[in-house]
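Where a number appears in this text, it was derived from the coordinates with a stated rule and is not lab data. Every value quoted in this text rests on a predicted model; they were computed, and no experiment measured them. Cβ placement follows ideal geometry from the backbone for every residue including glycine, while neighbour counts extend to all protein chains displayed.
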Ligand code: UDP
Ligand code: MG
């Protein structure tokens, strides 16, 4: 199968038939073999009924329904696992992304060898309360992850099959799929300017809290990526440094007290600073130890993705 189109949706009943019609049109025009996987993220409206009737008419249209609303990341992850196409396209269900971009995206993957191509909503049709913070968000993500994308959270993206089968999208990490892909070793990440339309029906499912959550996720994803498997290298370093600073301060104060005997140690503000540094330093160090124990006990402490093997005979067991 050429293409799987994964569409996470939450209460988008009005858009679905229009969306599937326009996708099917593009697929037929280009003679792709395809499947459309609607992942209904616990909609409370008639979305699932619409999906059922669409699927009855066209066997390429498939559906997965969650028991409750788990979030866009979970929906994407589930769709990724069940997809069969050599290229996997994700798009939003709200008609803001255009299926006309799909052939070009596929070309970039097939011919230019990209692992992942992300859409870039260069000309956005969203309220200003969303576009300005998004610029900031993209800038921060670019700086922290060193991935040169203008629009990390575009719903329209294309992936090579290997990518979606190797990565796991959890929590609210759908905003950072290119980052997750990069860590999994898929470094050829491209970008394509895509058309973007206004939301036609319903309203956005993410409120202002998206920016707070997105920012916190950025911090945790960069931390986990760098130190997730070796937390002591972070906490141990800063803990030790802070402790040494505190110790030097305390030693100096003790020396000043004994040798010069000019003042009471506790009269000096520096005393409290030294104390604070030593306490926080040892706390950081201990946090490092605990984090190290946690990661040591994780079943994923030693998982790596193998691309190829040469001349290796698998499964030799030592008797
Ligand atoms: N979505 C989802 N689960 C959720 C929230 C959103 O599957 O809990 C879907 C939603 O139906 C849409 C896509 O994610 O297809 C993007 O959502 P939305 O258009 O509200 O986001 P925005 O365009 O405002 O960033
Ligand atoms: Mg939208």
Pull up the range 47-63, narrow it to residues that are touching a helix residue (DSSP H, G or I) at 6+ places or on another chain (Cβ under 8 Å) and closer than 13 Å to residue 10 by Cβ, then point me to the one that is farthest from ligand 2 (Cβ to nearest atom).
51
Starting from residues that are within 11 Å of ligand 1 (Cβ to nearest atom) and more than 13 Å from residue 210 (Cβ to Cβ), keep the ones in the range 109-126 and report whichever is surrounded by the fewest Cβ atoms within 10 Å (Cβ to Cβ).
125
Residue list for the range 210-241, filter: without any contact (Cβ under 8 Å) to a residue 24 or more places away in the chain, more than 16 Å from ligand 2 (Cβ to nearest atom) and within 18 Å of the chain's Cα centre (by Cα)
212, 216, 219, 220, 223, 224, 226, 227
Take the range 53-69 and flag every residue that is surrounded by fewer than 16 Cβ atoms within 10 Å (Cβ to Cβ) and within 30 Å of residue 172 (Cβ to Cβ).
65, 67, 68
Taking the range 134-153 as the region of interest, how many residues are within 16 Å of residue 180 (Cβ to Cβ) and part of a helix (DSSP H, G or I)?
4
Kindly check whether there is at least one residue in the range 39-46 that is crowded, with 21+ Cβ neighbours inside 10 Å, touching a residue at least 40 places away in the same chain (Cβ under 8 Å) and either assigned to a helix (DSSP H, G or I) or within 10 Å of ligand 1 (Cβ to nearest atom) (or both).
yes
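Test residue 11 against the stated conditions and say whether it is surrounded by 14 or more Cβ atoms within 10 Å (Cβ to Cβ), over 24 Å from residue 188 (Cβ atoms) and within 16 Å of ligand 2 (Cβ to nearest atom). Break it down into steps so the answer makes sense when it comes.
Working: surrounded by 14 or more Cβ atoms within 10 Å (Cβ to Cβ): yes; over 24 Å from residue 188 (Cβ atoms): yes; within 16 Å of ligand 2 (Cβ to nearest atom): yes.
In short, yes.
So, in the range 164-190, how many residues would count as being under 13 Å from the mean Cα position of the chain (by Cα) and not in a loop (DSSP other than H, G, I, E, B)?
Of the residues in the range 164-190, 12 are under 13 Å from the mean Cα position of the chain (by Cα) and not in a loop (DSSP other than H, G, I, E, B).
What about residue 258, is it surrounded by 13 or more Cβ atoms within 10 Å (Cβ to Cβ) and either in contact (Cβ under 8 Å) with a residue 60 or more places away in the chain or assigned to a helix (DSSP H, G or I) (or both)?
Numbers: surrounded by 13 or more Cβ atoms within 10 Å (Cβ to Cβ): no; either in contact (Cβ under 8 Å) with a residue 60 or more places away in the chain or assigned to a helix (DSSP H, G or I) (or both): yes.
So residue 258 fails the test.
Just checking, does the range 271-278 include any residue being exposed (fewer than 13 other Cβ atoms within 10 Å of the Cβ), free of Cβ contacts under 8 Å to residues at least 12 places away in the same chain and in a loop (DSSP other than H, G, I, E, B)? Walk me through it before giving the result.
Our first condition is that a residue be exposed (fewer than 13 other Cβ atoms within 10 Å of the Cβ); within the range 271-278, this holds for 272.
Applying the additional criterion that residues be free of Cβ contacts under 8 Å to residues at least 12 places away in the same chain yields 272.
Among the residues that remain, those that are also in a loop (DSSP other than H, G, I, E, B) are: none.
Checked the range 271-278: no residue is exposed (fewer than 13 other Cβ atoms within 10 Å of the Cβ), free of Cβ contacts under 8 Å to residues at least 12 places away in the same chain and in a loop (DSSP other than H, G, I, E, B).
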Has the range 181-202 got at least one residue that is surrounded by fewer than 13 Cβ atoms within 10 Å (Cβ to Cβ), within 14 Å of ligand 1 (Cβ to nearest atom), without any contact (Cβ under 8 Å) to a residue 60 or more places away in the chain and closer than 20 Å to residue 72 by Cα?
no
Of residues in the range 77-103 being over 17 Å from residue 197 (Cβ atoms) and in a helix (DSSP H, G or I), the one nearest to ligand 2 (Cβ to nearest atom):
79
